[in-house]
Amino acid sequence: MRRRSVAVASDAPVADAARGFELLEVGHSYGNRVVLSDVTLHLTEHRIGVVGGNGSGKSTLARLLNGLVLPSAGRVLVDGLDTRSDGRAVRRRVGFVFQDPDAQIVHPTVAEDVAYGLVNQGVPATERAARVGEVLERYGLAGHADHPAHLLSGGQKQLLAIAGVLVMRPARIVFDEPTTLLDLINTRRIRQVIEALDQQAVVVTHHLDLLDDFDRVLVIDGGRVVADGPPSSSLATYRRLMDDR
């Protein structure tokens, strides 16, 4: 069972807006299959989208940002911390939301699942209860606190997965296709959640309309960044690429 990637301390880490995510000549391979090549990026904007076709390398790029995947070549830094040597500190700063919420839900009830990371870090019970209650209320799950997590709807499960990350108060959050399994109503709800976040968010998605008001959009194709700019220009490039396939 995959455990959620969360911050690992009760005190919220402070993001260094000037540093952000830095990828320095990064490459990654799975065996003999090269999925990313010579990627150099400095990501400081508040909202950053990542798009690309299946197998383009975009999900690997997302996992590199908090050390779920370590680069085969080059370096990935978060606020100046190297994911290879400072993985634990990086994961204090960067929460990760998976495409499939069932990959992150590890406890039987909603409240227990949200409290998972706080319990592991020894957060006192009173503070833990307050933080869990606040995040469940924020995402409309307070009435489900004692309900079996596996009986939630798909949209509620994704909100639960997000709540379990946010309760740990990371400075930055990476979303890997968070709306792919959702209907239109729940997709809109997740969009609203992302829009309301104070944290920097990097969102990998196939739903291009999620990115209309983002600050920056990257297009990944064949393991390389082939467009990098505002949504209008980057998404136009992506659509042309897909039209030519």
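The values are calculated or read from the model by the stated rules, or taken from the named source; none is laboratory data. In this text, all values refer to a predicted model and were calculated from it rather than measured experimentally. Reconstructed Cβ throughout: ideal geometry from the backbone, glycine too, with neighbour counts over all protein chains shown.
Tallying residues that are in contact (Cβ under 8 Å) with a residue 12 or more places away in the chain and in contact with a helix residue (DSSP H, G or I) (Cβ under 7 Å, 6 or more places away or on another chain) within the range 141-155 yields 9.
Quick check on ALA163: is it in a helix (DSSP H, G or I) and in contact with a Phe, Trp or Tyr (Cβ under 8 Å, 6 or more places away or on another chain)? Spelling it out, ALA163 is indeed in a helix (DSSP H, G or I) and in contact with a Phe, Trp or Tyr (Cβ under 8 Å, 6 or more places away or on another chain). Restricting attention to the range 181-201, the residues that are in a loop (DSSP other than H, G, I, E, B) and over 20 Å from LEU64 (Cβ atoms) add up to 5.
Looking across the range 55-72, the residues that are hydrophobic (A, V, I, L, M, F, W, C), out of contact with any helix residue (DSSP H, G or I) (no Cβ under 7 Å at 6 or more places or on another chain) and assigned to a loop (DSSP other than H, G, I, E, B) come down to LEU65, LEU68, LEU70.
Table: residues versus (1) farther than 28 Å from LEU36 by Cα; (2) surrounded by fewer than 19 Cβ atoms within 10 Å (Cβ to Cβ); (3) over 12 Å from the mean Cα position of the chain (by Cα).
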| site | (1), (2), (3) |
| --- | --- |
| ALA145 | yes, yes, yes |
| LYS157 | yes, no, yes |
| ILE162 | no, no, no |
| PRO170 | no, no, no |
| ILE194 | no, no, no |
| ASP198 | yes, yes, yes |
| VAL203 | no, no, no |
| ASP209 | no, yes, yes |
| ASP215 | no, yes, yes |
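From the list ASP113, ASP82, ASP100, exactly one residue is acidic (Asp, Glu) and over 16 Å from ALA62 (Cα atoms). Which is it?
Criteria check complete, one pass: ASP113.
Against the conditions (1) outside any helix (DSSP H, G or I); (2) within 23 Å of ILE194 (Cα to Cα), HIS107 satisfies every one except (2).
Could you tell me whether ARG47 is under 17 Å from the mean Cα position of the chain (by Cα), basic (Lys, Arg) and modelled with pLDDT of 95 or more? Answer is yes for this residue.
When GLY117, GLY87 are checked against the criterion of being under 26 Å from THR40 (Cβ atoms) and modelled with pLDDT under 95, GLY87 stands alone in meeting it.
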